[in-house]
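Since the structure comes first, as structure tokens, the remarks are kept for the end.
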Amino acid sequence: ATGLGADNSNVTIEAAINGNFFNSDRPRTDSTEDVDMYSVDLSAGDVLRLDIDARINRSSDEAPDTVLQIFDADGNQVAQSDDDFAPDELFAPGRQDSYLEFTPDADGTYYVGVSSFGNGEFGSNRDFYDPNVAGSGAGRSDGAYTLNLSLNEEPSSVATEIPASTGEGPTVSL
């Protein structure tokens with residue numbers, strides 16, 4: 001469990017999609033099958049916001065191209081995100097982190113799955129993971145990520161600071 005709740009409406013988790021399939025110096029593991037699952041208890045009408053920060057803070061060699069999925073207690077996917085940006089990250093570097101807002105219709109325990117790209121239903125015939133089947137999956141990257149969870153909190157935005165002109169560089173006219 002994440003510990004997210006009415007008395008703790010913001011939780012940050014540091015984690016990683018593990019794998020070293022292309023590194024011959026260590027025993028080979030398959031990052032496609034590493035899916036991190038987190039449980040959250042939600043009430044109907046709650047607003048759960050999930051924000052992955054991976055490539056926004058790290059190079060693509062150090063961070064996965066993430067996919068977020070939410071499953072109900074039976075393992076049915078109820079929401080998915082790939083490359084969707086948090087409200088305060090529209091112009092941020094990285095461009096492969098995921099953001100998701102979810103409002104359940106019913107009370108219950110829901111499961112957040114964090115995996116690498118390829119593990120999702122994107123209109124392709126890839127072998128995406130099934131939360132009820134161990135070792136299923138078809139992701140393509142690994143590395144560290146930060147998962148930010150918030151419950152019933154409005155997203156906060158930070159003003160973009162634009163430095164004063166130095167008079168150097170190209171001129172742009174609109």
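At a Förster radius of 25 Å, what calculated FRET efficiency corresponds to the Cβ-Cβ distance of ASP107 and SER9, to the nearest 0.05?
E(calc), rounded to 0.05, equals 0.90.
By a 1.4 Å probe calculation restricted to protein chains, GLU154 has an accessible surface near 150 Å², given to the nearest 10. Placing ASP130, ASP97 in order of accessible area, with the largest value first and a 1.4 Å probe, yields ASP130, ASP97. Net length available on complete extension from ALA134 to GLU168 is 6.5 nm, with 0.36 nm assigned per residue and the Cα-Cα distance removed. Less than 5 angstrom separates the built amide H of VAL47 from those of ASN152, all sequence-distant by 5 or more or on a different chain.
The order of THR66, THR171, THR2, THR109 by accessible area, most exposed first and with a 1.4 Å probe, is THR171, THR109, THR2, THR66.
The values are calculated or read from the model by the stated rules, or taken from the named source; none is laboratory data. Nothing here was measured: the structure is a model prediction, and the numbers come from that model. Because the Cβ atoms are built from the backbone with ideal geometry, glycine has one as well, and the counts that use them run over all protein chains shown. For the accessible areas, the whole protein counts, side chains as well, though only heavy atoms, and no ligand, DNA or RNA atoms are used. Shrake-Rupley method; radii C 1.70, N 1.55, O 1.52, S 1.80 Å.
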